[in-house]
Amino acid sequence: MQSPCAEIQAQVRDRILEITINRPERKNALTMAMYSAMAELLNTAAANSEVRVVIISGAEGVFTSGNDLMDFLGGSASAADSPVFQFMVALYSFPKPVVAAVNGPAVGIGTTMLLHCDMAFAGSDAMFQMPFVNLGLCPEYASSFFLPRLAGHAKASELLLLGKKFGADEAVTLGICNAAVPADETLARARETAAELAAKAPEAVRLSKQLLRAGGYERGLAVMKEEGSHFQSRLTSEEFKEAATAFMEKRPADFSKFD
Ligand code: COA
């Protein structure tokens, strides 16, 4: 399978599609073109019997620093018909197993997309963060629905309201990742697991994934849309402008003037 975008690499080997996020000069921050490419690859893989499992990882020791903040400043990032949303739905509804290999920063959607992968491995160098409130934004990708169910309300509030960073061991404790592994073994562990999944009866695997996801599926989708509409409004807020400008100017954001 050919990726339509150089910053998203795709390779099918032994019935496993490997998607690699590859924009190291921006810590693999995701642009609209990259979201579109990932959505297209997933939608094609869903219908392609040559693919039984997908691996998502990032190049050069970084999973992804999340959405490109310059794109966010452009404003259209989270609209219901945007590439971000197309990617979110493509992964959320993907009928075959997805295994993530996380090294380095996994920020914003870099963490929330793991809620929609089936298994994930965290390298000892992994750093997770959902800094939406720190950016004057709000939770996305149904994290406000799935995270409290996974981690409990108190922990979800700590992670989503304070935007605290956490490491591989905590990601395992929270139930976001399956195992913490040495940094240089992360992709190998994901490949091993993907190969194990790819060798199993494919229809049984797809049905079982569907059953595992069915309970929260419709509600999760509705929450994703509701969050998306708030998120979209927040992108034009003065609070977000202050946070994004502060990031670009490499200074702490100052929210003291807001009501
Ligand atoms: N969007 C746009 N540019 C980004 C980016 C993003 N999400 N994340 C990093 N970059 C850029 C930086 O501005 C920097 O550019 P420069 O070389 O022109 O100064 C370059 O990538 C390297 O990033 P840097 O911050 O120097 O790397 P680091 O290793 O010190 O930290 C991160 C890595 C990911 C922890 C840090 O870059 C970060 O917190 N990024 C923002 C994440 C974020 O808020 N994402 C949105 C979530 S909704």
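No lab work stands behind these numbers, since they all come straight from the coordinates. Since we're looking at a predicted model, the values are computed, not measured. Note that we place each Cβ from the backbone using ideal geometry, even for glycine, and neighbour counts take in every protein chain shown.
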Checking K250 against (1) basic (K, R); (2) within 13 Å of the ligand (Cβ to nearest atom); (3) surrounded by 15 or more Cβ atoms within 10 Å (Cβ to Cβ), only one condition comes out false. Which one? (3)
Conditions: (1) more than 24 Å from F166 (Cα to Cα); (2) free of Cβ contacts under 8 Å to residues at least 24 places away in the same chain; (3) of a type in the set (D, E, K, R). D71 meets all but one. Number of the miss? (2)
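So which helices (runs of 4 or more DSSP H) are wholly in the range 183-251 and hold at least 3 residues that are among the small types (G, A, S) and under 21 Å from the mean Cα position of the chain (by Cα)?
The qualifying helices (runs of 4 or more DSSP H) are 186-198, 202-234.
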Please work out which residue is farthest from the chain's Cα centre (by Cα), limiting yourself to the range 55-82 and to residues that are away from the ligand (no atom under 12 Å from the Cβ) and within 30 Å of A188 (Cα to Cα). A59
Mind checking which residues of the range 14-31 are crowded, with 19+ Cβ neighbours inside 10 Å, over 14 Å from the mean Cα position of the chain (by Cα) and not in a loop (DSSP other than H, G, I, E, B)? I16, L17, E18
Which numbered condition Q11 fails, given (1) in a loop (DSSP other than H, G, I, E, B); (2) free of Cβ contacts under 8 Å to residues at least 12 places away in the same chain: (1)
For A151, state whether it is more than 16 Å from the ligand (Cβ to nearest atom), touching a Leu at 6+ places or on another chain (Cβ under 6 Å) and either touching a residue at least 60 places away in the same chain (Cβ under 8 Å) or over 20 Å from L42 (Cβ atoms) (or both). yes
Taking only the range 235-245 into account, find how many residues are touching an Asp or Glu at 6+ places or on another chain (Cβ under 7 Å) and either within 13 Å of the ligand (Cβ to nearest atom) or among the hydroxyl-bearing types (S, T, Y) (or both). 0
Among residues belonging to the range 16-26 that are within 18 Å of V84 (Cα to Cα) and touching a residue at least 40 places away in the same chain (Cβ under 8 Å), point out the one that is farthest from the ligand (Cβ to nearest atom). I21
For the subset of the range 225-234 comprising residues that are more than 15 Å from the ligand (Cβ to nearest atom) and in contact (Cβ under 8 Å) with a residue 60 or more places away in the chain, which member is farthest from Y141 (Cα to Cα)? S229
